[in-house]
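The structure appears right after this line, and notes come after that.
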C-alpha cells in the first residue's frame, strides 16, 4: 500500500495529465482490470468530494478502476455516514490518504450564502440539512469586508468549507485520530478549478 506522501504525488501527477488533456490510462485496460477486481480492491486514496457532475474524482485525477475510494455528497460536507465511509476504507484497505475535494463555484456554498442573506421558510428540510452543515464555516465571512466582493466571498467560503470538513475528519472520529497518530493517515484539503481543471492541495498537503 502506498504511503500518504506517495498517494498524494500520484494524485498530483494524474491531475496534471488531466489538466493537460493527456490521459495516462488506456481505456482498453478497463475490461481485464474489471475482472481482476471482482474479489478485492486496494484504493490508494480516499476522496470525499462534491456531487457536482463536473467534478468526477476518477477523471479529474486520471485514475482507473479500483484506484480511488470515492464518497460524493453535495458541498463535500461531513456527516456521520461520510465519516463512517472514510473509517471503513482506511481500516479495511489500509488506505493512508484522505482528500476532501471541493471546487470553485460550488452550488452548495452559493445556496448557503443565499439562505443566510434571504432565509427561505419553505426550503426542503433535506436541503436545509446540507445548508446547516455548510453554514458554520461561511457565516462569519458575511461580517467581513468580503461581503462587498461576491467573487472573493465565494472563493473564501469554498476554502473555509473544505477546511471545516478536513478538521471534522481529523478530530471527529476516534478511529481516524488513532490512524493519524499511529499509522500515517493524512487528511488534506483540495480545490478543483472548474476554469482550469487544476486541483490545488492546500490544507495538510505540505506536511
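The values are calculated or read from the model by the stated rules, or taken from the named source; none is laboratory data. All values reported here derive from a predicted model rather than from experimental measurement. Neighbour counts are summed over all protein chains in view; Cβ atoms, including those assigned to glycine, are modelled from backbone coordinates with ideal geometry.
Quick look at the numbers
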| item | result |
| --- | --- |
| Residues located in the range 136-155, provided they are assigned to a helix (DSSP H, G or I) and surrounded by fewer than 16 Cβ atoms within 10 Å (Cβ to Cβ) | 136, 139, 140, 142, 143, 145, 147, 148, 150, 151, 152 |
| Condition check for residue 176: buried (at least 20 other Cβ atoms within 10 Å of the Cβ) and either out of contact with any helix residue (DSSP H, G or I) (no Cβ under 7 Å at 6 or more places or on another chain) or modelled with pLDDT of 95 or more (or both) | yes |
| Residue that is farthest from residue 98 (Cα to Cα), among those in the range 158-175 that are assigned to a helix (DSSP H, G or I) and over 16 Å from the mean Cα position of the chain (by Cα) | 174 |
| Hits in the range 83-104 - residues which are surrounded by fewer than 22 Cβ atoms within 10 Å (Cβ to Cβ) and touching a residue at least 60 places away in the same chain (Cβ under 8 Å) | 83, 87, 91, 93, 94, 104 |
| Selection from the range 179-207 of residues that are free of Cβ contacts under 8 Å to residues at least 40 places away in the same chain and either in a loop (DSSP other than H, G, I, E, B) or surrounded by fewer than 16 Cβ atoms within 10 Å (Cβ to Cβ) (or both) | 181, 182, 200, 204, 206, 207 |
| For residue 102: the one exception among (1) part of a helix (DSSP H, G or I); (2) farther than 21 Å from residue 3 by Cα | (1) |
| Residue in the range 105-130 that is modelled with the highest pLDDT, counting only those that are surrounded by fewer than 19 Cβ atoms within 10 Å (Cβ to Cβ) and part of a loop (DSSP other than H, G, I, E, B) | 105 |
